[in-house]
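Heads up, the thing below is written out as structure tokens.
Read-outs: derived from the displayed coordinates by stated rules, not from any lab. Keep in mind it's a predicted model, so treat the numbers as computed, not measured. Here Cβ is always computed from backbone atoms with ideal geometry, including for glycine, and neighbour counts include all displayed protein chains.
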Amino acid sequence: MANHNTPVIQTESLSKVYKAGKRTIQALSNLTLSVHRGEIFGYLGPNGAGKTTTIRLMLDLIRPTNGSATLLGMDAQKDSVELHRRIGFLPAELSLWKNLTGRQVIDYVARLRGGVDWQYVNELTERLQFDPTLRVRSYSSGNRRKLGLLLALMNKPELLILDEPTNGLDPLMQQIFNDMMREVRAEGRTVFLSSHILSEVQSICDRVGILGSGKLQAVETVATLRHADFRWVTLRLHEVANTQLLAGVPGVADLTADSSTLKLRLRGDFNPLLHALKDQYVVDIKTEEASLEEIFLSYYGNGSNANKTAEPLKERV
């Protein structure tokens, strides 16, 4: 992996305020963030947290109210034209020429960029199971996403900036996407991946920045974030449920009982829970992934973690 001491993305106090009549909306507040060369960096937050605003500022699609951004050692505003040649970008909402075929769109973008390896483009087309002969207007949301990925990847850019890249992709295609991102990392290139899906960033990212209400709450390794992960478990027993059955079981919290049903929050393995219920007749077990907001509050909502800051993080990565 390449030298991590040279940031591919560096923002300093990057901020954006919108005016809405008499109101002001702080979409992004004092973002200071470093993304290293050769890593997959996940930018995680609920919808409306400021993820897309950050990306638009980095790509000079909108201008900051305060602060600055540097990408690939160049100023995001002054050098935006050159940067756009060296960056692969997939927006959350992809607007394309509906009357053109997929191949015509690819050809047009390839002529604009130059230096495209057509053998590689054909390999991407095959791996993504994408039919370029159809017109854009006939594509499903998943196929439009595949076309967007093709356009972002086809010139092998030094930096990929992807906003909700797997929206509309089926599980098999999501796995293929993950494999592609790992290959990009293995080549020493960098991926900045915005998502609101915790499992997506956990599967491929090295580090994750957590954004909430326009503020960077923390930057963590994925391994650290996994320790904060938990799920909700609902157990239906044959007999009347009693919370004492699971008192003191490792990983169990927020335990409630209602008739024959136990509800709880579980962190870690199921085995201690199942062992505690070995003498019970369990009729049904349901699990539900915690939302990003719930995990965020669980990990950062107490006094010891609430004031964590994102930089510097060298001692934690």
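For the chain, what proportion of DSSP beta bridges, expressed in % and rounded to the nearest 5, is antiparallel?
Values: 42 of 60 bridges.
Taking every DSSP beta bridge with both residues in the chain, the antiparallel ones total about 70 percent.
What's the local net charge at Glu187, with K and R +1, D and E -1, over the other residues with C-beta under 12 Å away? Each step should come with its number before you reach the end.
Numbers: positive: Arg37, Lys156, Arg182, Arg185, Arg189; negative: Glu158, Glu183.
Value of the local net charge: +3.
I need the semi-axes of the equivalent ellipsoid of the stretch 92-245: take the C-alpha gyration tensor, multiply each eigenvalue by 5, square-root it, list largest first in whole angstrom.
Values: eigenvalues 275, 80, 40 Å².
Equivalent ellipsoid semi-axes, largest first: 37, 20, 14 Å.
Taking loop as defined by DSSP and a crowding limit of 15 other beta carbons within 10 Å, which trypsin sites (Lys or Arg not before Pro) in the stretch 1-110 fit?
Details: sites: Lys16, Lys19, Lys22, Arg23, Arg37, Lys51, Arg56, Lys78, Arg85, Arg86, Lys98, Arg103; in loops: Lys22, Arg37, Lys78, Lys98.
Hits after loop and neighbour filter: Lys22, Lys78, Lys98.
Taking loop as defined by DSSP and a crowding limit of 12 other beta carbons within 10 Å, which GluC sites (Glu not before Pro) in the stretch 128-190 fit? Display every interim value, and only then the final one.
Numbers: sites: Glu158, Glu183, Glu187; in loops: Glu158, Glu187.
Passing both the DSSP loop test and the Cβ count: Glu187.
Which lysines does Lys286 reach when only Cα atoms under 18 Å apart count, and residues fewer than 8 places away in its own chain are ignored?
Candidates past the 8-residue exclusion: Lys263, Lys278.
Per residue of the chain, what 222 nm ellipticity follows from adding -39500 (n - 2.57) for every DSSP H run with n ≥ 4, rounded to the nearest 500? Write out the running numbers ahead of the final one.
Details: 10 runs with 95 residues, N = 317.
When only DSSP H runs of four or more count, the value is -8500 deg cm²/dmol.
Mind checking the full-extension length gain between Arg182 and Glu93? Use 0.36 nm per residue of separation minus the Cα-Cα distance, one decimal, nm.
Working: separation 89, 0.36 × 89 = 32.04 nm, distance 2.40 nm.
Extra length available between Arg182 and Glu93 comes to 29.6 nm.
As an exercise, use a Förster radius of 41 Å and the Cβ-Cβ distance of Lys278 and Asp170 to find the FRET efficiency, rounded to the nearest 0.05. If you can, show how the numbers build up before the last one.
Values: r = 38 Å, r/R0 = 0.94.
Efficiency for this residue pair is about 0.60.
For Ser138, what is the net charge nearby, where nearby means another residue's Cβ is under 13 Å from its Cβ and Lys, Arg count +1, Asp, Glu -1?
Values: positive: Lys98, Arg135, Arg137, Arg144; negative: Asp131.
Charge balance near Ser138 sits at +3.
Would you list the P(r) distribution for the chain, with all Cα-Cα distances sorted into 10 Å bins from 0 and each bin expressed as a whole %?
5, 23, 28, 22, 13, 7, 1
Identify the chymotrypsin sites (Phe, Trp or Tyr not before Pro) of the stretch 153-235 meeting these criteria: DSSP loop state and at most 12 other C-beta atoms within 10 Å of the C-beta.
Details: sites: Phe177, Phe192, Phe230, Trp232; in loops: Phe230.
Answer in residue order: no site qualifies.
Quick one: if you take sqrt(5λ) for each eigenvalue of the C-alpha gyration tensor of the stretch 162-293, what semi-axes come out, biggest first, whole angstrom? Write down the numbers at each step before the final one.
On the way: eigenvalues 268, 52, 36 Å².
The answer is 37, 16, 13 Å, longest axis first.
Skipping prolines and chain starts, which residues have an amide H placed within reach, meaning under 5 Å, of the one on Val116, given they are 5 or more residues away or on another chain?
Here nothing satisfies the definition.
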